[in-house]
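Before any comments, here is the structure.
The values are calculated or read from the model by the stated rules, or taken from the named source; none is laboratory data. Since this is a predicted model, take the numbers as computed values, not measurements. Every residue, glycine among them, receives a Cβ derived from its backbone with ideal geometry; neighbour counts consider all protein chains shown. Accessible surface is based on the protein model in full, side chains and every heavy atom, while ligands, DNA and RNA are left aside. Shrake-Rupley method; radii C 1.70, N 1.55, O 1.52, S 1.80 Å.
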Amino acid sequence: MKSIEEWGKTKDGRSISRYTIMNETGSYAVISNYGAVLHQLWVPDKDGKLADVVLGFEDPESYFINNPAFGSVVGPYANRIEAGQFSINGKTYQLEKNEGNNTLHSGPSPFFRRLWELTDYDGASVTLLMKNADGECGFPGNVELSVTYALSNDNTLSISYSAHSDQDTALNVTNHSYFNLSGHDSGLILDEIAWIDSDAITATDEVSVPHGELFSVDGTAMDFRTPKALGRDINDTSCDPIRIGGGYDHNYVLDTKPGEVKLVASLEDHASGRKMEVYTDMPGIQLYTGNFIEPDPVGKGGIHYQKRSGVAFETQYYPNAINVPSFPQPLLKAGKTWESTTAYKFSTL
């Protein structure tokens with residue numbers, strides 16, 4: 001069943017819409033063409049009761065800023081680039097810095113602060129398109145990126161990307177949804193139990209930028225190979241990554257192959273009985289426990305979210321990878337097509 005709602009206007013008067021996608025079991029998601037945002041995601045608990053499990057804002061105007069990047073498709077380059085600078089084919093590109101000396105999530109005018117174009121919608125899936133002109137955000141090439149959200153009958157929300165460019169360019173795209181399996185309005189996520197199939201994170205400097213070294217999680221607070229509550233070690237500042245990140249805000253190294261989507265992480269909430277599995281073909285996943293969420297602007301339903309009210313599993317190329325040749329490279333070659341899929345599968349315990 002198709003459901004399109006006009007949600008508001010951009011600052012220049014263009015229409016902001018929301019599209020509902022639903023499966024045959026009654027679960028549904030709501031996606032906006034502003035920022036390609038996953039605005040709502042309603043899935044059942046152990047008793048069959050639906051709840052919205054992603055954080056977000058009530059009104060579209062709050063997404064014009066959206067500093068936490070709630071629900072957003074982040075691009076052209078997610079995560080951090082050291083000094084906001086990189087080189088391709090011998091030419092250096094300088095981006096606008098927005099996190100100290102570095103660029104985070106593409107600077108002040110990323111894809112999640114723009115209106116996307118609807119290209120397809122059938123009630124079970126929706127496809128949105130972003131065109132980034134050569135030089136926009138500081139990146140080379142005329143880039144077209146499409147994202148398709150689809151909700152299957154087994155309660156899997158898949159997010160599929162396809163991109164091409166007329167010049168070699170840097171591209172690192174992710175979805176930045178924050179999950180709370182008890183419901184977006186239920187408080188903190190510290191009791192939710194996470195598992196990540198990873199032996200190492202990318203080690204960083206004091207401002208969370210990696211330079212090529214890996215940090216073994218073995219025997220440290222960073223180890224999620226055996227499932228544990230997110231809150232168990234989140235304040236263990238004797239662990240340098242925890243101290244630097246103010247909690248979990250780290251890229252885990254995955255054993256994946258391009259084009260082969262596999263299970264890499266999970267989250268369980270014993271209070272609601274909900275479970276979420278994360279599947280991807282990307283080489284990394286950023287675990288971020290919302291360490292810097294602020295209570296204003298107000299969230300959905302008038303909720304003032306606190307820090308650690310949600311957790312993000314951002315599938316991606318490694319942070320600063322465009323400047324670290326030993327990392328898998330987020331390089332989109334001219335005339336080639338880049339495709340990737342990440343899926344969040346919901347079930348009950």
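Across the chain, the longest run free of exposed loop sites, meaning GluC sites (Glu not before Pro) lying outside DSSP classes H, G, I, E and B with no more than 10 other Cβ atoms within 10 Å, spans 25-205. Shape analysis of the stretch 157-298 based on the Cα gyration tensor places the equivalent ellipsoid semi-axes at 24, 20, 17 Å, largest first. Between His211 and Lys9, the distance separating the two model label sites (each 7 Å from Cα on the Cα→Cβ line) works out to 5.1 nm. The listed residues Met22, Met222, Met1 rank as Met1, Met22, Met222 when sorted by accessible area, largest first, using a 1.4 Å probe. If one computes P(r) from the Cα atoms of the stretch 52-120, what percent of pairs lie at distances over 17 Å? So the pairs more than 17 Å apart make up 51 percent of the total in the stretch 52-120. Residues whose amide H falls under 5 Å from that of Lys262, counting only those 5 or more places apart or on a different chain, are Thr280, Asp281, with hydrogens built in the peptide plane. Listed by chain and number, the aspartates and glutamates whose alpha-carbon sits under 17 Å from that of Lys262, ignoring those within fewer than 8 places in the same chain, are Asp154, Asp197, Asp199, Glu277, Asp281, Glu314, Glu339. Net charge dipole, the stretch 103-217: roughly 320 debye, given to the nearest 20, about the Cα centre with Cβ charges of +1 for Lys and Arg and -1 for Asp and Glu. Summed over the residues of the chain and divided among them, the accessible surface reaches 39 Å² per residue at a probe radius of 1.4 Å. Using the Karplus relation 6.51 cos²θ - 1.76 cosθ + 1.60 with θ = phi - 60°, the per-residue 3J(HN,Hα) values for the stretch 131-137 come to 10, 10, 6, 3, x, 5, 6 Hz, with x marking Gly and Pro. With θ taken as phi - 60° and the Karplus curve 6.51 cos²θ - 1.76 cosθ + 1.60 applied, the whole-hertz 3J(HN,Hα) list for the stretch 310-318 is x, 10, 9, 10, 8, 6, 5, 6, 4 Hz, x standing for glycine and proline.
At 1.4 Å probe size, with the rest of the protein present, what percent of the exposed accessible area of the chain is carbon and sulfur atoms?
Working: 6490 of 13560 Å².
Heavy-atom surface of the chain belonging to carbon and sulfur, 1.4 Å probe: 48 percent.
Orientation-averaged projection of the chain equals 15.9 nm² [convex hull of Cα atoms, one quarter of hull surface area]. Return the subset of Lys2/Lys228; Lys275/Lys307; Lys49/Lys345 for which the Cα-Cα distance in this structure is over 28 Å, preserving the input order. Violating the 28 Å Cα-Cα cut-off are Lys2/Lys228.
Per residue, the chain reaches -500 deg cm²/dmol at 222 nm when only DSSP H runs of four or more residues are counted, each adding -39500 (n - 2.57).
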